[in-house]
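What follows is a single structure, written as structure tokens, with notes after it.
The values are calculated or read from the model by the stated rules, or taken from the named source; none is laboratory data. Note that the structure is a prediction, hence the values are computed from the model and not measured. Neighbour counts run over all protein chains shown; Cβ positions are idealised from the backbone, glycine included. Note: areas computed on protein heavy atoms with side chains; ligands, DNA, RNA excluded. Shrake-Rupley method; radii C 1.70, N 1.55, O 1.52, S 1.80 Å.
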Amino acid sequence: MNIDLTTSLGSLQLSAPTLTASGCAAAGKELAQFGDVSTLGAVVTKSIMMAPRSGRATPRMAETPSGMLNSIGLQGPGIESFLENDLAWLRANNVTTIVSIAGNNVDEFGELARILSKVEGVDGLEVNISCPNVESRGQVFACNPYSAAQVIETVRSVWHSDAPVLAKLSPDVTDIVEIAQSVVEAGVDGVSMINTLLGMVIDVDHMKPMLGGRTGGLSGPAIRPVAVRAIYQVHAALPHLPILGMGGIRTGHDALEFIAAGASAVSIGTVVFGDPGAPWRIANELGQELESRGYNSLSEVVGLAHHN
Amino acid sequence: MHLVLDAPEIDEVASGHFAAVAVGGIGGGMLLRRAFSIHKSTPGESLEIIFAPHGQGTQWLATQNAGDVIDVIAPLGKPFVLPRQPISCVIVAGGYGAAPMELLARELRGRGCRVDVVLGAATQEKLFGVLDLKGVSDSVIVTTDDGTSGVRGRVTDVLADVITKNNSQAVYACGPMPMLQAVAKVSQDNGAFSQCAVEESMACGIGVCMTCVLPVIGDDGVTRMSRSCVDGPVFRGDRVRWDDVHTVPSDAFGAPRPGGH
């Protein structure tokens, strides 16, 4: 196979087109028993916050048709431990790393960005403004173009690194193009889309929501068409904006849909829970899908569905 | 049901290790693996699990035929810790919680330990492994909630006596969470050290999803929401905050401040 699968997200060159999705691979280390993590496009870490965070009560998961709901609630060790342990491991293993950050408020996003712009080994920043598993809907900054832009402006003002800043967007909005435009004006280098959709499963034996957090984020192949649609819309409106696509990708064929819709690279999320080797497998499959269609490179296919 | 798998790549398995089994076939609608404790295994040869076809995933598994290929990741998790000295031990299991216990009994006996066994279930039909465990232990007591076999009652009704009579220093348990909580308490009250293999629903089984957490006190005295897949499934009975399972205790590491998160 002689297909060129290299790609880029803004200034960041990626040796492979598949990345891990935030929240689906911790900080990469656990996947190392299933493949060489340094050969992935990048590891996108689970969103890190300033302080350690326990996350929500269990049950935190409910399997749904071709998908799952999760209500983890951003469990994590806090930025200090992250730098000392997780980022150190990623650096020591030469892993291309995009750090996902989450804040309770705008200032916390700024503080995290300020800290991360000064350390080595951060190849990109994914600003998670769209986690649905937070106490208040007002904390889902990506639901409002003004709040979304405010977070990105604050991050941008303290980000003194060449590494790209991506905003992670939620599909749970009236018009995702409006949100994308607002974060572009605020200075992002690209967008990651989509985060999970807010959902609920009810346990009818106990007549109460199944999840400890009541609502959760829906992910997996069930949401794939929503992701493809969102990417298609944003790429149509902002054709030069780099897009990292994610949402239920299970095979190389799925990934190719995202690329054709306008994504330059894809993150592999929920499918990793069932198939930890999926990020590597899907990269191979994507190469085969391109080859069998007579393409020579991934880059020539980015956004191609807009031209036919 | 027993599922015996030809598993040429399987490594050495210790009691308490589990297997994560993909269900529903390639392209099917069930994305998450099902976790089962490993009943038996021979390195480089085979792997055996026990399951009851309760849900969609296990029902699918029950329809698989000899010769079908099943996708399994194993062994996973931290197994039971074995004593260095040949001490007196009790194995306690509820229902299919007995699945890993024959292997454990063999491991303990291999170290010269005395092994007494208490097996419980709601009713006789739900008991598992009684005969097998009789062959590898010094005594077996059976309890059933309805009295259809052995002593009528719960495993914890007889456990204190077993510990006292045999001067047991370690208790190994696997079964439903309320049983484990009770076993941990009886063990502690009677001066025995307990290890419990917990049951928490998992999404990944490999430590990346943070689904299967429960509050466990660490060596430093701090309670953390620990992953049962990689930090467990075996935990010290005196370290699990049983009353707080399914909650985040307010003194847990990173617990929400007032207002929640």
Residue by residue through the range A:230-263, note down the ones that are more than 22 Å from A:LEU125 (Cα to Cα), surrounded by fewer than 20 Cβ atoms within 10 Å (Cβ to Cβ) and not hydroxyl-bearing (Ser, Thr, Tyr).
-> A:GLN233, A:ALA236, A:ALA237, A:HIS253
Mind counting the residues in the range A:174-201 that are in a loop (DSSP other than H, G, I, E, B) and open to solvent by 30 Å² or more (accessible area, probe 1.4 Å)?
-> 5
Selection count where residues are within 17 Å of the chain's Cα centre (by Cα) and either within 12 Å of chain B (Cβ to nearest Cβ) or surrounded by fewer than 19 Cβ atoms within 10 Å (Cβ to Cβ) (or both), scope the range A:66-100 | 10
Could you grab the pairs with beta carbons closer than 6 Å, sequence gap of 6+ or different chains, first residue in the range A:204-224 and under 15 Å from A:THR64 (Cα atoms), second one acidic (Asp, Glu) and open to solvent by less than 80 Å² (accessible area, probe 1.4 Å)?
-> A:MET210/A:ASP203
Here are some residues: A:LYS46, A:LYS29. Which one is in contact with a strand residue (DSSP E or B) (Cβ under 8 Å, 6 or more places away or on another chain), under 30 Å from B:GLY57 (Cα atoms) and open to solvent by 20 Å² or more (accessible area, probe 1.4 Å)?
-> A:LYS46
Taking the range B:229-251 as the region of interest, how many residues are closer than 20 Å to B:PRO75 by Cβ, more than 10 Å from every other protein chain (Cβ to nearest Cβ) and not acidic (Asp, Glu)?
-> 4
Any residue in the range B:20-36 that is of a type in the set (Lys, Arg), in contact with a strand residue (DSSP E or B) (Cβ under 7 Å, 6 or more places away or on another chain) and assigned to a loop (DSSP other than H, G, I, E, B)?
-> yes
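Give me a count of the residues in the range B:156-204 that are β-branched (Val, Ile, Thr) and open to solvent by 30 Å² or more (accessible area, probe 1.4 Å).
Step one: list which residues in the range B:156-204 are β-branched (Val, Ile, Thr), which gives B:156, B:158, B:162-164, B:171, B:183, B:186, B:198.
Those still in the list that are open to solvent by 30 Å² or more (accessible area, probe 1.4 Å) too: B:156, B:164.
Matching residues across the range B:156-204 total 2.
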Scan the range B:65-124 for residues that are within 20 Å of B:PRO178 (Cβ to Cβ), open to solvent by 40 Å² or more (accessible area, probe 1.4 Å) and over 14 Å from the mean Cα position of the chain (by Cα) and report the count.
-> 1
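Looking at the structure I just gave you, is B:PRO215 surrounded by 16 or more Cβ atoms within 10 Å (Cβ to Cβ), away from chain A (no Cβ under 14 Å) and in contact (Cβ under 8 Å) with a residue 24 or more places away in the chain? Quick ask: steps written out before the conclusion?
On the way: surrounded by 16 or more Cβ atoms within 10 Å (Cβ to Cβ): yes; away from chain A (no Cβ under 14 Å): no; in contact (Cβ under 8 Å) with a residue 24 or more places away in the chain: yes.
In short, no.
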Identify, by number, the condition in (1) at the interface with another protein chain (Cβ under 8 Å from one of its Cβ atoms); (2) more than 20 Å from A:MET246 (Cα to Cα); (3) among the aliphatic types (A, V, I, L, M); (4) touching a residue at least 60 places away in the same chain (Cβ under 8 Å) that A:ALA51 doesn't meet.
-> (4)
Which strands (runs of 3 or more DSSP E) does the range A:202-295 wholly contain that include 3 or more residues that are away from chain B (no Cβ under 13 Å) and under 18 Å from A:VAL191 (Cα atoms)?
-> A:243-245, A:265-268
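Across the range B:185-205, what is the number of residues that are at pLDDT 95 or above and out of contact with any Ser or Thr (no Cβ under 6 Å at 6 or more places or on another chain)? First the steps, then the outcome.
Initially, the range B:185-205 is screened for residues at pLDDT 95 or above, giving B:185-198.
Retained after the next criterion (residues that are out of contact with any Ser or Thr (no Cβ under 6 Å at 6 or more places or on another chain)): B:185, B:188-191, B:193, B:195-197.
Qualifying residue count, the range B:185-205: 9.
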Over the range A:131-149, the set of residues closer than 17 Å to A:ARG56 by Cα, part of a loop (DSSP other than H, G, I, E, B) and either touching a Ser or Thr at 6+ places or on another chain (Cβ under 9 Å) or without any contact (Cβ under 8 Å) to a residue 60 or more places away in the chain (or both) is A:CYS131, A:PRO132, A:ASN133, A:GLU135, A:SER136, A:VAL140
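Can you find, within the range B:39-61, the residue that is nearest to B:ALA98 (Cα to Cα) among those that are among the aliphatic types (A, V, I, L, M) and part of a strand (DSSP E or B)? Let's see the steps before the verdict.
Residues of the range B:39-61 that are among the aliphatic types (A, V, I, L, M), as a first pass: B:47, B:49-50, B:52, B:61.
Pick out the ones that are also part of a strand (DSSP E or B) and you get B:47, B:49-50.
On the way: B:LEU47: 16, B:ILE49: 11, B:ILE50: 10 Å.
Checked the range B:39-61; the qualifying residue nearest to B:ALA98 (Cα to Cα) is B:ILE50.
So that you can scan it fast, the table gives a plain yes or no per residue for (1) at pLDDT 95 or above; (2) on the phi > 0 side of the Ramachandran plot; (3) touching a strand residue (DSSP E or B) at 6+ places or on another chain (Cβ under 7 Å):
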residue	(1), (2), (3)
B:ALA52	no, no, no
B:ALA66	no, no, no
B:VAL81	yes, no, yes
B:CYS89	yes, no, yes
B:ALA99	yes, no, yes
B:GLY112	yes, yes, no
